[in-house]
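Have a look at the structure below, then the notes.
Please treat every number below as a calculation from the coordinates, not as lab data. Just so we're clear, the structure is a prediction, and the values are computed from it rather than from any experiment. For neighbour counting, all protein chains shown are included, and Cβ atoms are generated from backbone atoms with ideal geometry for every residue, glycine included.
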Amino acid sequence: MCQGEPYLENDSNSARASLEDPKEEKKVYEKDGEVVGVITFNTEGDRGNFRNIYVDKCHRGKGIGRELAMHMEQIMKGRGCRCILAPSVYNEKFFIKLGYTLVPKTKMTTIYRKKLICE
Ligand SMILES: CC(C)(COP(=O)(O)OP(=O)(O)OC[C@H]1O[C@@H](n2cnc3c(N)ncnc32)[C@H](O)[C@@H]1OP(=O)(O)O)[C@@H](O)C(=O)NCCC(=O)NCCS
């Protein structure tokens, strides 16, 4: 855990609610027995919903976020999902790096999409 930055302490309320929602599926990343990253998601038929992701500040930039997202993608592919939708207003560069594209004309929330199966 980061010194002086307890897990999720500085995250927004909505992000915290999503990450702690028991209805969401969750994968955590542990280092030396401490949870330093978490991703939450769910699937609805052939659609995957990327709900939230968080990596502790002092562990960022080491590929943890990518690994969590890839793990989620494998689960979604295994269930036959054709695409992933990610409603987020944060970290555009992260989503672009992972192959997501911005869905145009969305209001209120920025939405990224990634196709899993070529049509
Ligand atoms: C977004 C977040 C999960 C990324 O986690 P991370 O472990 O640092 O990401 P990774 O190290 O796996 O980075 C994956 C790629 O995205 C890029 N990237 C990640 N954050 C970036 C940023 N802020 N600016 C530019 N590039 C970024 C990395 O350079 C990397 O690219 P590469 O593989 O070509 O080198 C982390 O910054 C975080 O928890 N942020 C706060 C919560 C948040 O914004 N969540 C997203 C909205 S739900």
Practice item. Would you kindly give the portion of the calculated P(r) for region 13-115 that falls above 18 Å, as a percent of all Cα pairs? Key: 47 percent
Study note, to complete from the structure: Once amide hydrogens are built 1.01 Å from N within the peptide plane, the residues lying 5 or more places from Thr43 or on another chain with amide H under 5 Å from its amide H are Asn49
Practice item. Could you pull out every one of the lysines with an alpha carbon less than 16 Å from that of Lys115, ignoring same-chain neighbours closer than 8 positions? Key: Lys77, Lys97
Study note, to complete from the structure: The FRET efficiency for Lys57 and Ile117, from their Cβ-Cβ distance with R0 = 35 Å and rounded to 0.05, is 0.50
Practice item. Describe numerically, in nm with one decimal, the distance between label points set 7 Å from Cα along Cα→Cβ at Arg79 and at Glu30. Key: 2.4 nm
Exercise for review: Once you have the Cα-Cα distance between Arg66 and Leu102, take 0.36 nm times their residue separation minus that, and quote the gain in nm to one decimal.
Suggested key: 11.2 nm
Study note, to complete from the structure: So, relative contact order of region 13-115 in percent, Cα under 8 Å, 6 or more apart, is 21 percent
Check your understanding: Where Lys and Arg each count +1 and Asp and Glu each count -1, what net charge lies around Tyr100 among other residues with Cβ under 13 Å from its Cβ?
Key -> +4
